[in-house]
Amino acid sequence: MRTFRRKSTRPATPSAPSRSLAFGPTRGTRRAVAVVLAGLLTGGALTACGGGDDKGGGAGGGGPVELTVDIFGEFGYDELYKQFEASHPNVKIKQRKVSTLDDYKPRLQQWIATNSGAGDVVALEEGILPLYMQQPGKFVNLYDHGGRELQNSYLPWKWQMGVTPDGKQLVGLGTDIGPLAMCYRKDLFEKAGLPSKRDEVGKLWPTWDAFLDTGLKFRDKVPDTKWLDGPAALLRTTVLQNAGSGPGYSYFDKSNALVFETNPAVKSAFDTVLKFEQNKLTSGMQIFTPPWQTALKRDTFATLPCPSWMLGGIKEFAGDSGKGKWDVAPIPGGAGYWGGSWLAVPKQSKHPKEAAELAKFLTNPQGQVAAFKSKNTFPSSPQAQQDAAVSGSTDPYFGDAPTGKIFSQMAAQVKPVHLGPKNEDVRQVVENVLIAVGQGKVKPEEAWAKAVEEVKKTAR
């Protein structure tokens, strides 16, 4: 899924004790303690919170339940939380979100490894899902909570990726998929003397070579603005396009053997990105970092590969300054997708029943339609994809671009790509090599050998 995410770029952390509790009881806290003690003496229950270290039981007898949801980036769930709370008066939902998948991943790994600290519902992005599919015992089997009845509500390949290889456990329920488009700055295109209407823009770049040629023309006219944000988004896009139209895997084959060096789909994508770095067409930025977020408000770069969920990020980080300037056109190179997640319930949750119900609610067809309307997270549910609110949607922020039509056409052509358990670790080091090329720290002719070297060390 997506991979950013929020107004705060620091990883979310558990709340610190209040000053009154940390520095001694006040009159108010003494009164609160008295009330709690009275409740305990009369058999009352304390509010239980998910994701903590307490090993107590669930909220029996309809007592209050707090469910914590851990996500990264923009999932579009704020209104859905309110709806769930309205229909479940004893439940309160707390969301913890961070800006980037790279921030989220190590925190989730620690929580799952130590069986402590995770939310009651956690997002598993496509790149990290394979790691946790090797640890199904860490998660609640959603088949035990009515999961089998839901299969037809998801694309077959999306559903299957959330099921263990032996078919016995449903680890995660699919959220979105990320069909691809290209976001571009209309005003900067006009400044460069290029067409700015989306139908004409799409014709400029049927291939990545044509996209490169257009970028060179842009560079000559607007030398103070880069053509692309950086190599990372371009690499992720081209690797998944090539793998989807080719072998169906990228850095690791379907037996999870490392094939980075020998897979033509990967080498072709790497060479494509390298051309843009050699020609100084990217700003060298890493996606979702604070400088990248700030750059969206300025004339730093003119184009950005855009899986559907990226539109929510542009709106958040560019804000009013970007409204009407950004538009959406077809992506070069054919069909592809990037991102998408699953919602899972860690075994450490004290409220697995309520958490499973919440996960089902957020990912059912109606929930996926609502999430798309909120943050452009394109549904993995066929029923949701066919909903007029999705297929017929337009986005005023992007000049009334027919986003539903653009992403629906791409989604219909998407083919799943197998990702190995160490996919994200490998992806990161390859991006780092390409960024180093743009910074002049690695010579272009040495970049592939350097990437192979770093990948082998990482994948051990």
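The values are calculated or read from the model by the stated rules, or taken from the named source; none is laboratory data. Quick caveat: nothing in here was measured; it's all calculated off a predicted structure. Ideal geometry is used to build each Cβ from the backbone, glycine not excepted, and the neighbour counts take in all protein chains shown. Note: accessible area is taken over every heavy atom of the protein model, side chains too, but ligands, DNA and RNA are not part of it. Shrake-Rupley method; radii C 1.70, N 1.55, O 1.52, S 1.80 Å.
At a glance:
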quantity: Test result for Arg198, among the basic types (Lys, Arg), touching a residue at least 12 places away in the same chain (Cβ under 8 Å) and touching a Phe, Trp or Tyr at 6+ places or on another chain (Cβ under 7 Å); calculated: no
quantity: Meets criteria (of a type in the set (A, V, I, L, M), over 27 Å from Phe407 (Cβ atoms) and not assigned by TED's automatic domain parsing to the domain that holds Tyr104) for Leu274; calculated: yes
quantity: From the options Ser374, Ser393, residue that is hydroxyl-bearing (Ser, Thr, Tyr) and assigned to a helix (DSSP H, G or I); calculated: Ser374
quantity: Conditions (1) in contact with a helix residue (DSSP H, G or I) (Cβ under 8 Å, 6 or more places away or on another chain); (2) among the hydroxyl-bearing types (Ser, Thr, Tyr); (3) surrounded by fewer than 20 Cβ atoms within 10 Å (Cβ to Cβ): number failed by Tyr81; calculated: (1)
quantity: Selection count, the stretch 409-453, where residues are in a helix (DSSP H, G or I) and either buried (at least 16 other Cβ atoms within 10 Å of the Cβ) or in contact with a Phe, Trp or Tyr (Cβ under 8 Å, 6 or more places away or on another chain) (or both); calculated: 23
quantity: Single condition Ala243 does not satisfy, out of (1) small (Gly, Ala, Ser); (2) over 15 Å from Pro305 (Cβ atoms); (3) in a helix (DSSP H, G or I); (4) open to solvent by 10 Å² or more (accessible area, probe 1.4 Å); calculated: (4)
quantity: Residue in the stretch 165-210 that is nearest to Phe301 (Cα to Cα), counting only those that are of a type in the set (Lys, Arg) and open to solvent by 70 Å² or more (accessible area, probe 1.4 Å); calculated: Lys191
quantity: Residue list for the stretch 36-89, restricted to those being closer than 21 Å to Lys350 by Cα, in contact with a Gly (Cβ under 7 Å, 6 or more places away or on another chain) and at pLDDT 50 or above; calculated: Glu66, Leu67, Thr68, Val69, Asp70
quantity: Residue check for Asp213: open to solvent by 30 Å² or more (accessible area, probe 1.4 Å), free of Cβ contacts under 8 Å to residues at least 60 places away in the same chain and outside any loop (DSSP other than H, G, I, E, B); calculated: yes
quantity: Whichever residue in the stretch 212-243 is closer than 17 Å to Ile287 by Cβ and among the basic types (Lys, Arg) and, among such residues, is nearest to the chain's Cα centre (by Cα); calculated: Arg236
quantity: Hits in the stretch 172-201 (condition: outside any strand (DSSP E or B) and aromatic (Phe, Trp, Tyr)); calculated: Phe189
quantity: Some residue of the stretch 352-363 being open to solvent by less than 20 Å² (accessible area, probe 1.4 Å), in a loop (DSSP other than H, G, I, E, B) and at negative phi; calculated: no
quantity: Number of positions in the stretch 367-378 that are open to solvent by 40 Å² or more (accessible area, probe 1.4 Å) and closer than 23 Å to Thr68 by Cβ; calculated: 2
quantity: Pro305 being without any contact (Cβ under 8 Å) to a residue 12 or more places away in the chain and within 22 Å of the chain's Cα centre (by Cα); calculated: no
quantity: Some residue of the stretch 139-148 being modelled with pLDDT under 95 and not in a strand (DSSP E or B); calculated: yes
quantity: Test: Gly117 is among the small types (Gly, Ala, Ser), in contact with a helix residue (DSSP H, G or I) (Cβ under 8 Å, 6 or more places away or on another chain), surrounded by fewer than 22 Cβ atoms within 10 Å (Cβ to Cβ) and not assigned by TED's automatic domain parsing to the domain that holds Phe288; calculated: yes
